[in-house]
Amino acid sequence: MGFVFVHSITPTNMPAPTPVPDIQDQPKRVDVVIIGAGIAGISTAIELSKRGLRVAVCEKGIVAGEQSSRNWGWCRQMGRDPRELPLMQVSMQLWRQMHQLTGEDVGYRECGIVYLCDTQSQLEKRQNWFDNYASEFGLSSRMISPAESHQFTPDAAVKWLGGLYTPDDGRAEPTLAVPAMARAAQRTGVIVLQNCAVRTLVRQAGKVSGVITEQGEIACDNVVLTGGAWSRRFCHNIGIALPQLTVINSVMRTEPIKTGVDTSVSVEDFAIRKRIDGGYTLAHGTLSVADIMPDSFRLLPDYWPLLRDEWRDYKIRLGQRFLDEARLKRRWWEDEISPFELVRILDPQPNSSIQTACLHALKKALPVFNGVQITEQWGGAIDVTPDVVPVISQVDELEGFFIATGFSGHGFGLGPGAGRLMSEIVCGEQPCVDPEPFRYQRFAKGRAYALSQ
């Protein structure tokens, strides 16, 4: 199945994010325009506003209408790529303050996360990560015994061999968190424009001087692209090469149920996170759908190492999404309707076979979930880079243009820290972490590549 072209601004396959009011008209000039009102964009806006800059966030649909409200809601240090760990630690500090920042309950709870293992190879994988990184980064993570593993899953029908546990990892509610952050940003003077797509950039003397939205021009000195799955298409239109593909993750929500499982649990076949309504968010522990797209062929050399090493984590599919993507323009003029106006919200259909297998595995392992009802199912488009690490960086080829994208399924947890780092890069401040692992230049191949790709 393909994805739904949502021309309105109401998502169809998932619980909608809480509303963010439209309280201001499009300004004539600001200091910074941010393209995209997901968690990275809103977090960047908050941090820039703290520094006294006038900021406008332009969102083609609604705040958190795509992956920022469709993710698992995990705030996780454990198991991360070591390049991300320092930034995730900054994010955790911010998540712990999120209630105070927003004045709302965004569902953040320090519930802990545990990876449970029922095979020796899984246990060795977790042990290897623990040995290499837990002590180096000062994490609270620890390896746990079979007996302790079963304390997290009462009456489990599986004999766990052990696992990896981080007690101060947490969870939050995606449909609540980013809208609450956006409302907090508005109170500091950030202008949040919904249903307002940015078509392209305005340049003067080789640097950014503004943007053209569907409502007209906004003059500015800097633009930050936080477009998630749409970032590559925007960049291509302005001659910037950004290697990025998307995979579809299929997620479910259960009715409220008493299980005794409060810690977020991940195993190979399922992952669960308790929600503040007493239900659970449920997804497959490892498997996503990688649709074959036109860009799959263009970017095959970039992604071949990832595909070769991690192919078991992806269900490869050729179907309607290939045609859906092929119909969207890759080049357009500032006075043309852009792809972002044609697809206000990217609303992928979940994969029913993955969800069926996931639910079956959950009930088989944890009989306490037998009889639980699934109340909602949805898909989310995850923006993935070739090395599965985000770009949070200035673009050297175009002064005043910055990118924060490619979070590869890690963006919800990383979002607050990414916003802080992005704001420091924009303002030329000492960064909170080493920005080198996130530099765009690690992928840049020059303008000729951009125009051909």
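The values are calculated or read from the model by the stated rules, or taken from the named source; none is laboratory data. The model shown is predicted, which means the values in this text are computed figures rather than measured ones. Counting neighbours? That spans all protein chains shown, and the Cβs are built from the backbone with ideal geometry, glycine included.
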Which listed residue, of TRP72, TRP160, is closer than 23 Å to GLY411 by Cα and aromatic (Phe, Trp, Tyr): TRP72
Failed item in (1) at pLDDT below 95; (2) in contact with a strand residue (DSSP E or B) (Cβ under 7 Å, 6 or more places away or on another chain); (3) basic (Lys, Arg), with ARG439 passing the rest: (1)
Subset of the stretch 129-157 (residues that are among the polar types (S, T, N, Q), over 27 Å from ASN370 (Cα atoms) and in a loop (DSSP other than H, G, I, E, B)): SER135, SER140, SER141
Residue match in the stretch 398-411 (condition: part of a helix (DSSP H, G or I) and either basic (Lys, Arg) or at pLDDT 95 or above (or both)): yes
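For GLU336, are the conditions met, namely being under 24 Å from the mean Cα position of the chain (by Cα), over 21 Å from GLY73 (Cα atoms), of a type in the set (Asp, Glu) and surrounded by fewer than 19 Cβ atoms within 10 Å (Cβ to Cβ)?
No: the conditions fail for GLU336.
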Residues that are part of a loop (DSSP other than H, G, I, E, B) and surrounded by fewer than 18 Cβ atoms within 10 Å (Cβ to Cβ), drawn from the stretch 80-101: ASP81, PRO82, ARG83, ARG96, GLN97
Single match in SER135, SER145 (criterion: polar (S, T, N, Q), exposed (fewer than 13 other Cβ atoms within 10 Å of the Cβ) and closer than 22 Å to PRO367 by Cα): SER145
In the stretch 164-221, residue surrounded by the fewest Cβ atoms within 10 Å (Cβ to Cβ) [restricted to those that are among the charged types (D, E, K, R) and under 26 Å from ARG232 (Cβ atoms)]: LYS207
Residue that is nearest to the chain's Cα centre (by Cα) [pool: residues in the stretch 102-128 that are surrounded by 17 or more Cβ atoms within 10 Å (Cβ to Cβ) and in a helix (DSSP H, G or I)]: THR102
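Just to check your reading of the model, which residue among THR375, THR356 is of a type in the set (Ser, Thr, Tyr) and either buried (at least 23 other Cβ atoms within 10 Å of the Cβ) or not in a strand (DSSP E or B) (or both)?
Working: THR375 fails: either buried (at least 23 other Cβ atoms within 10 Å of the Cβ) or not in a strand (DSSP E or B) (or both).
Among THR375, THR356, only THR356 is of a type in the set (Ser, Thr, Tyr) and either buried (at least 23 other Cβ atoms within 10 Å of the Cβ) or not in a strand (DSSP E or B) (or both).
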Residue match in the stretch 244-253 (condition: of a type outside the set (A, V, I, L, M, F, W, C), crowded, with 21+ Cβ neighbours inside 10 Å, out of contact with any strand residue (DSSP E or B) (no Cβ under 6 Å at 6 or more places or on another chain) and within 21 Å of SER68 (Cα to Cα)): no
In the stretch 226-244, the residues that are within 14 Å of the chain's Cα centre (by Cα) and hydrophobic (A, V, I, L, M, F, W, C): ALA229, TRP230
Residue list for the stretch 19-55, restricted to those being assigned to a strand (DSSP E or B) and out of contact with any Ser or Thr (no Cβ under 9 Å at 6 or more places or on another chain): ARG29
Subset of the stretch 311-322 [assigned to a helix (DSSP H, G or I) and loosely packed, with under 12 Cβ neighbours inside 10 Å]: TRP311, ARG312
Single condition ILE191 does not satisfy, out of (1) over 22 Å from ARG96 (Cβ atoms); (2) without any contact (Cβ under 8 Å) to a residue 40 or more places away in the chain; (3) not polar (S, T, N, Q): (2)
Matching residues, the stretch 393-441, being under 13 Å from PRO86 (Cβ atoms) and of a type outside the set (Asp, Glu): LEU414, GLY417, ALA418, ARG420, LEU421, PRO431, CYS432, VAL433, PRO435, PRO437, PHE438
